[in-house]
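Heads up: the structure comes next, in structure tokens.
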Amino acid sequence: MIVLGLESSCDETAAAVVTADGKILSNVVLSQIEEHAPFGGVVPEIAARAHVTQMDKLARQAVEEAGISFQDLDGVAATAGPGLIGGVLVGLMTAKSISAVCDIPLIGVNHLEGHALTVRMTDNVAFPYLLLLVSGGHSQILVVEGVGQFRRLGTTIDDAVGEAFDKTAKMLGLGFPGGPAVEKASKEGNADRFDLPRPMKGKPGCDFSFSGLKTAVRHSLESLPEPVSDQDKADLAASFQKAATEALISRVQQAVKIFKADYPDADTLVVAGGVAANQALRHKLNELADKHQLKLTVPPPALCTDNGAMIAWAGVEHLKLGQTSPLDLAARARWPLDPDAEPAPFAGHKA
Ligand code: KG4
Ligand code: ZN
């Protein structure tokens, strides 16, 4: 079984070809960083236009690099949501065209499920597993019970953690995208210089909150005498990274208790999404996993950030179960993995 996967829900145009046993035959990612950098964040209209100019070429490139032709495909998967709707429509429409012309099944994939299932492609992880899903648009803790089966234990009640990294980088003038820039600056900084809050730490439940931390970074920055030095910036970046990771860890700790009680035979903790590329977070999660006799599994960095392989793989998983989508499938800006979970009042599409 060979599946082509297309991703266009945010600022990466991506296409990949993956086999039923998780072999990645090709994986091309075109980042729009340069287009968005002058604005310090992703501009939806610019993103959508850039996807339009690249997606068809990238799909062809992925098929060629895989050494196959479109006729060899057994299915075509595309992100159908959640995300910036203009971009999602581009990938989904391209996949529909390929599906119609090649007469192969279409699989509309939930972008978050793509992140969530990646470890089954890379490490063959068995269901159920505990997942910390942290990206620019989402911060959630879920039990992945099966393909299309998720139990959400916690979510952000305001901002996503990747968003907090990006906004902190923007305030400090560290560049875009913010996560890697904050992580790099943190290496030169004193993480104990600024006393920042650990939102929700010690509170019951597993929900996150990051908007207060973001505001605290702004107040700390404003309290510094001008000109703000590179050392000041590095110290604030490091203090922010420490606070954000500690806040995340405290919530995962709560989730581990629930997971161990409700799934006594399961033993794997997974972290996925763009923020999973952060080494400080990985380090702390490793400690936590050791303490609770869990195995920590993290996809390689290139498969943590948005890519087509994760979408192709989610397509493979659904296709193996005979689950395909109709050609009139609608794109969705909001698409929660666990529709039964309580909506988080201020999180909007991030929940
Ligand atoms: O999963 P992703 O590529 O796109 C979304 O679906 O949102 O995640 C992108 C997010 C951005 O907020 C970016 O700043 C963050 O992941 N990120 C990081 C790191 N690399 C990417 N955050 C912290 N440390 C990193 N090394
Ligand atoms: Zn993502």
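The values are calculated or read from the model by the stated rules, or taken from the named source; none is laboratory data. In this text, all values refer to a predicted model and were calculated from it rather than measured experimentally. Positions of Cβ are generated from backbone atoms using ideal geometry, with glycine treated the same way; all protein chains shown enter the neighbour counts. With ligands, DNA and RNA removed, areas are computed over all heavy atoms of the protein, side chains included. Shrake-Rupley method; radii C 1.70, N 1.55, O 1.52, S 1.80 Å.
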Filtering the stretch 89-112 for residues that are open to solvent by 10 Å² or more (accessible area, probe 1.4 Å) and within 12 Å of ligand 1 (Cβ to nearest atom) leaves a count of 1
Subset of the stretch 261-276, residues under 17 Å from the mean Cα position of the chain (by Cα) and either of a type outside the set (A, V, I, L, M, F, W, C) or open to solvent by 30 Å² or more (accessible area, probe 1.4 Å) (or both), comes to 273, 274
When restricted to 320, 242, 260, 214, the only residue away from ligand 2 (no atom under 16 Å from the Cβ) and touching a Lys or Arg at 6+ places or on another chain (Cβ under 6 Å) is 214
Picking from 337, 281, 321, the residue that is open to solvent by 30 Å² or more (accessible area, probe 1.4 Å) and closer than 30 Å to residue 26 by Cβ would be 321
When you scan the stretch 311-331, how many residues do you find that are of a type outside the set (Gly, Ala, Ser) and farther than 30 Å from residue 23 by Cβ? 1
Only one residue in 307, 286 is open to solvent by 10 Å² or more (accessible area, probe 1.4 Å) and farther than 20 Å from residue 156 by Cβ. Which one? 286
Strands (runs of 3 or more DSSP E) (entirely within the stretch 1-88) containing at least 3 residues that are of a type outside the set (A, V, I, L, M, F, W, C) and open to solvent by less than 20 Å² (accessible area, probe 1.4 Å): 75-81
Test residue 316 against the criterion of being part of a loop (DSSP other than H, G, I, E, B) and either open to solvent by less than 20 Å² (accessible area, probe 1.4 Å) or in the same structural domain as residue 192 (by TED's automatic domain parsing) (or both), and give yes or no. no
Residue 329 - would you say it is modelled with pLDDT of 95 or more, open to solvent by 60 Å² or more (accessible area, probe 1.4 Å) and assigned by TED's automatic domain parsing to the domain that holds residue 19? no
State which residue is most open to solvent (accessible area, probe 1.4 Å) when the search covers only the stretch 155-187 and only residues that are over 28 Å from residue 203 (Cα atoms) and in contact (Cβ under 8 Å) with a residue 60 or more places away in the chain. 170
Restricting to the stretch 121-140, and then to whatever is more than 16 Å from ligand 2 (Cβ to nearest atom) and part of a strand (DSSP E or B), can you tell me which residue is surrounded by the most Cβ atoms within 10 Å (Cβ to Cβ)? 130
If you check 258, 249, which single one turns out to be surrounded by fewer than 20 Cβ atoms within 10 Å (Cβ to Cβ), under 15 Å from residue 203 (Cβ atoms) and over 20 Å from the mean Cα position of the chain (by Cα)? 258
List every residue pair whose Cβ atoms sit under 6 Å apart, with the two residues 6 or more apart in sequence or on different chains, where the first one lies in the stretch 67-83 and is over 12 Å from residue 318 (Cβ atoms) and the second, anywhere, is acidic (Asp, Glu). 79/7
